[in-house]
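Report on the structure given below.
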Amino acid sequence: MNNNNVDFYELLEISPNANADTIDRVFRYLAQRYHPDNGDTGDASRFAGIVKAHEVLRDPEKRVAYDLHYNNLLKSRWEIKGEASSFYNSTNDAIIQDRILSVLYVKRRRNIHNPGIGNMELMRLVECPQEHIDFHLWYLKEKGWICRLENGLLAITVDGIDHVAASSTDEQKLSRLLTDQSH
């Protein structure tokens with residue numbers, strides 16, 4: 001078991017403020033419940049985790065060291081939650097992906113026999129740094145909207161063109177609806 005990202009408090013189902021008596025009491029209950037010899041609820045992996053959690057949280061020195069790590073773990077979780085719940089980031093992602101598809105679409109329309117663009121040129125054209133564009137390229141490839149050509153360049157696929165056309169049609173319909181409602 002990798003202890004780096006394990007939440008021992010969650011594993012023992014206790015508060016980080018729990019005292020030694022509470023830790024011992026809960027440990028005894030959970031150890032009995034998940035002991036491998038228990039035919040009904042035994043779970044060797046869970047039992048090993050509970051034993052390790054008790055060993056760390058019951059020892060004052062180990063607990064202090066773990067609590068420092070635990071605070072960083074919590075901070076990391078909150079950062080992930082904040083980023084995941086941010087509407088701005090998902091909207092920004094969609095804009096970047098639309099830019100990538102648009103650039104590749106125009107490139108293919110202009111030169112059907114040489115439709116590819118290299119990563120560096122694409123980063124420059126969509127104004128997106130390497131550390132961010134990799135995610136978008138992965139996503140667009142997985143969707144089947146772009147591909148890597150034999151020469152290593154990126155190009156839009158037929159499915160990608162269909163997606164751009166459908167998105168464009170949706171935007172035109174929305175624009176007409178908004179215009180019609182304003183009159």
Residue within the range 131-143 that is assigned by TED's automatic domain parsing to the domain that holds Asn92, basic (Lys, Arg) and loosely packed, with under 11 Cβ neighbours inside 10 Å present: no
Residue check, Ser15 of a type in the set (S, T, N, Q) and not in a loop (DSSP other than H, G, I, E, B): no
Matching residues, the range 53-86, being surrounded by 12 or more Cβ atoms within 10 Å (Cβ to Cβ) and either within 16 Å of Ala20 (Cβ to Cβ) or at pLDDT 95 or above (or both): Ala53, His54, Glu55, Val56, Leu57, Arg58, Asp59, Lys62, Arg63, Tyr66, Asp67
The range 26-76, residues that are polar (S, T, N, Q) and under 17 Å from Ser15 (Cβ atoms): Asn71
Criterion: at pLDDT 90 or above and assigned to a loop (DSSP other than H, G, I, E, B) - qualifying residue of Asp21, Asp37: Asp37
Residue pairs meeting the criteria (Cβ under 7 Å; at least 6 apart or on separate chains; first closer than 8 Å to Ile156 by Cβ, in the range 103-115; second among the basic types (Lys, Arg)): Pro115/Lys107; Pro115/Arg108
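The values are calculated or read from the model by the stated rules, or taken from the named source; none is laboratory data. From a predicted model like this one, the values you see are computed outputs, not experimental measurements. Please note: Cβ atoms are built from the backbone with ideal geometry, for glycine as well, and neighbour counts cover all protein chains shown.
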